[in-house]
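Q: The structure's right below; bear with me while I get my questions together.
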Amino acid sequence: MLMENIEANLNNNKRVALHTLGCRLNLSETGSIAQGFKDRGYDIVEFGQAADVVFINTCTVTDAADSTCRNLIRKAHGSSPEGKIVVAGCYAQMEPEKIAGMQGVDLVLGNSEKYKVFDYLDEEETNQIHVDKTWEFFSAATTSADSHTRAFLKIQDGCNYVCSFCIIPFARGRSRAISVEDAVIEAKKLVSQGFKEIVLTGVNIGEYEQASGEKLHHLVEKVLAVEGLERFRLSSVEPNTITDELLDVLKASPKVLDHFHIPLQSGSDEILKAMRRKYTTADYKKIVGKIMAAFPNAGIGADVIVGFPGETQEQFDATFNLLKELPITHFHVFPYSKRKNTSAAKLDNHIHSAVKKDRVRSLLMFGEAKLNLFSEDQVGTKTKVLFERRNKAGNFEGYSSNYVRVQVESDQDLSNLERVVLITSMDNGKLSGQLIQ
């Protein structure tokens, strides 16, 4: 009887399960919210386990993302039929009534209201919808309540661009940003929590100066100076916003990793113009050239949308050939998705889904081949790896500075440790190495 009472007391805490869809910005926001639950005495459990609260931070960049969100809601209700289901974020912002009508959903919170989740949780009313467009800036970062090795620090939110295919400005509002001073404070907190690597993230971090009145390269310089920080990266940066001053700051610091994510979207200037992108293919080539000059072994990721309305085979071929020509190593390929309220949705000549699928498949296969070649080139070299966890084979895995996954055999616990590794082989697309430091 005594043991039963002890166990009951130990299990008195409420349980919360959290799930994040979409971008690294969402990851940073969920991290802050997870910490809020932890500070209030909740135990954080894996999504899919029974919980008193299930919090889903959603994405709405494509139809597929919306569908995944709905499937996760059903799964949450199945695993926690008595729990409160909270659906927040971009999809919640855009389709609140549709989500509120789904079985089990108690609370729908837009992108500003999700930070106020604790104000609403204790209310008995179900099917609450709280979505407005005040568009405050809420700081967010990965926390110790998360299981991530890398810390994502939100420095910007919203977007002032009007790309014809993109729904995010409707879901996130206009661009706004953290101050340099506050960003440094947040970075110091992350380092004090034990994070070795910080990734600056936002919807469009290249708009930082327009949103804050301060220079992005000044913010980067200040964060890089934080004592104890070992590794630093930027998340996705629009090619037209990468300045020489920013590259100079990045190149000057040994903490900066040689991995960049530069959205392309199309290799056709006609399609880029129809998308209302703010650069040409020549501009894109120029900025990639500058990055490679500063970081010769860089891994470069690119977002690509195929099947934009009216995209011809020749225009798709131009995208394929540009990706073949440039040292792009990490392909992120998406079929064009018709989004409500966007100008592209009103265009004629939408591409058949079968054609889009073929084009996606073609680029993904090519991208995998390019990444394999890039990885093979690492064999025989030394690189610093930040280790995360053991894989199913019992080896420790982590990412190299240029964002290639590396595994090593080790009896040590290498979790969240950076070590120098000699890359010795590549098997089945995975690099293996030996610890040399």
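Just so you know, all these numbers are worked out from the coordinates, no wet-lab data involved. It should be emphasised that the depicted structure is a prediction, and the values quoted were computed from it without experimental measurement. Every residue, glycine as well, gets a Cβ built from its backbone with ideal geometry; the counts of neighbours run over all protein chains shown.
Q: Grab the beta carbon distance between D119 and H77, set R0 = 30 Å, and tell me the FRET efficiency rounded to 0.05.
A: My answer for the efficiency is 0.85.
Q: Under 5 Å between amide H atoms, partner at least 5 residues away or on a different chain: which partners does K14 have, H built in plane at 1.01 Å?
A: Those qualifying (amide H under 5 Å, at least 5 residues apart or on another chain) are D43.
Q: When the Debye formula is applied to the Cα atoms of the stretch 382-435, each taken as the same point scatterer, what base-10 log of I(q)/I(0) results at q = 0.27 Å⁻¹?
A: Calculated log10 I(q)/I(0) at the listed q: -1.10.
Q: Still on this structure: Per-residue HN-Hα couplings for the stretch 179-193, Karplus 6.51 cos²θ - 1.76 cosθ + 1.60 at θ = phi - 60°, whole Hz, x for Gly and Pro?
A: Running phi through 6.51 cos²θ - 1.76 cosθ + 1.60 with θ = phi - 60° gives 7, 4, 4, 5, 5, 5, 4, 5, 5, 5, 4, 4, 5, 5, 7 Hz.
Q: Once you measure Cβ to Cβ distances between cysteines in the chain, which Cys have no partner under 4.7 Å?
A: Singleton cysteines: C23, C59, C69, C90, C159.
Q: Something else: Tell me, what ³J(HN,Hα) does each residue in the stretch 203-214 have, in order and in whole Hz, if you take phi through Karplus 6.51 cos²θ - 1.76 cosθ + 1.60 with θ = phi - 60° and put x for Gly and Pro?
A: Residue by residue, the stretch 203-214 yields 6, 8, 5, x, 8, 3, 5, 4, 7, 10, x, 10 Hz.
Q: What's the magnitude of the charge dipole for the stretch 11-130 around its Cα centre, counting Lys and Arg as +1 and Asp and Glu as -1 at the beta-carbon? Answer in Debye, nearest 20.
A: 380 debye
Q: Each residue of the stretch 332-344 in turn: what ³J(HN,Hα) in whole Hz from Karplus with 6.51, -1.76, 1.60 and θ = phi - 60°, glycine and Pro shown as x?
A: Per-residue couplings from phi come out as 10, 10, 9, x, 4, 10, 5, 10, 4, 6, 8, 5, 5 Hz.
Q: Another question about this same structure. Counting only other residues whose beta carbon sits under 10 Å from that of E197, what net charge do I get with K and R as +1, D and E as -1?
A: Taking every Cβ under 10 Å from that of E197, the sum is +3.
Q: 5 Å is the cut-off here: which amide hydrogens, built 1.01 Å from N in the peptide plane, fall below it relative to F308, excluding neighbours closer than 5 in sequence?
A: Answer set, sorted by chain and number: Y336.
Q: What is the sum of charges around H350, taking Lys and Arg as +1, Asp and Glu as -1, for the other residues whose C-beta is under 15 Å from the C-beta of H350?
A: +4
Q: Rounded if a/c is under 1.5, else prolate if a/b is larger than b/c, else oblate: which is the stretch 11-130, with a ≥ b ≥ c the root eigenvalues of its Cα gyration tensor?
A: rounded
Q: With a/c under 1.5 counting as rounded, go ahead and sort the stretch 284-371 into rounded, prolate or oblate using the C-alpha gyration tensor (a ≥ b ≥ c being the square roots of the eigenvalues; past the cut-off, prolate if a/b is larger than b/c, else oblate).
A: Values: a/c = 2.43, a/b = 1.86, b/c = 1.31.
Taking the square roots of the gyration eigenvalues as a ≥ b ≥ c, the stretch 284-371 is prolate.
Q: Turning to a different aspect of this structure: Taking a 20 Å limit on the Cα-Cα distance, which of the listed pairs K255/K286; K286/K382; K255/K384; K370/K430; K188/K382 fall beyond it?
A: K255/K286; K286/K382; K188/K382
Q: What residues have an amide H closer than 5 Å to that of F55, excluding those fewer than 5 places away on the same chain, when H is modeled at 1.01 Å from N in the peptide plane?
A: Residues meeting the criterion, in which the H sits 1.01 Å from N, are A17, L18, H19, V86.
Q: For the stretch 239-312, report the % of Cα-Cα distances exceeding 14 Å.
A: Counting pairs separated by more than 14 Å, the tail of P(r) holds 62 percent.
Q: Tell me the label-point distance for the pair D377, R405, using the 7 Å Cα-to-Cβ offset, in nm and rounded to one decimal.
A: Placing both labels 7 Å beyond Cα along the Cβ direction yields 2.1 nm.
Q: Please state the shape class of the stretch 17-87: rounded when a/c is under 1.5, otherwise prolate if a/b exceeds b/c and oblate if not, all from the C-alpha gyration tensor. Don't skip to the answer; put the middle values down first.
A: Numbers: a/c = 2.75, a/b = 1.20, b/c = 2.29.
It is oblate, given that a/c is not under 1.5 and a/b is not larger than b/c.
Q: While we're looking at this one, here's another question. May I ask for the equivalent-ellipsoid semi-axes of the stretch 153-309, computed as the square root of five times each C-alpha gyration tensor eigenvalue and listed largest first in whole Å?
A: Working from the Cα gyration tensor, I get semi-axes of 27, 19, 13 Å.
Q: What fraction, in whole percent, of alpha-carbon pairs in the stretch 114-210 exceed 24 Å separation?
A: Of all Cα-Cα distances in the stretch 114-210, 37 percent exceed 24 Å.
Q: Moving on. Share of antiparallel DSSP beta bridges in the chain, in percent to the nearest 5?
A: Rounded to the nearest five, the antiparallel share is 35 percent.
Q: How large is the Kirkwood hydrodynamic radius of the stretch 322-435, counting all unique pairs of alpha carbons, in Å?
A: Working: mean 1/r = 0.0603 Å⁻¹.
It is 16.6 Å.
Q: Please report the base-10 log of the normalised intensity I(q)/I(0) for the chain, using a Debye sum with one equal scatterer per alpha carbon and no solvent, at each q in 0.09 (1/Å).
A: One equal scatterer on each Cα of the chain leads to -0.62.
Q: 7 Å from Cα along Cα→Cβ at both L364 and K215: what's the point-to-point distance in nm?
A: 4.3 nm
Q: Evaluate the relative contact order of the stretch 132-195 (contact order divided by residue number), counting alpha-carbon pairs under 8 angstrom at least 6 apart; express in whole percent.
A: Details: 68 pairs, mean separation 22.5, N = 64.
After rounding, I find 35 percent.
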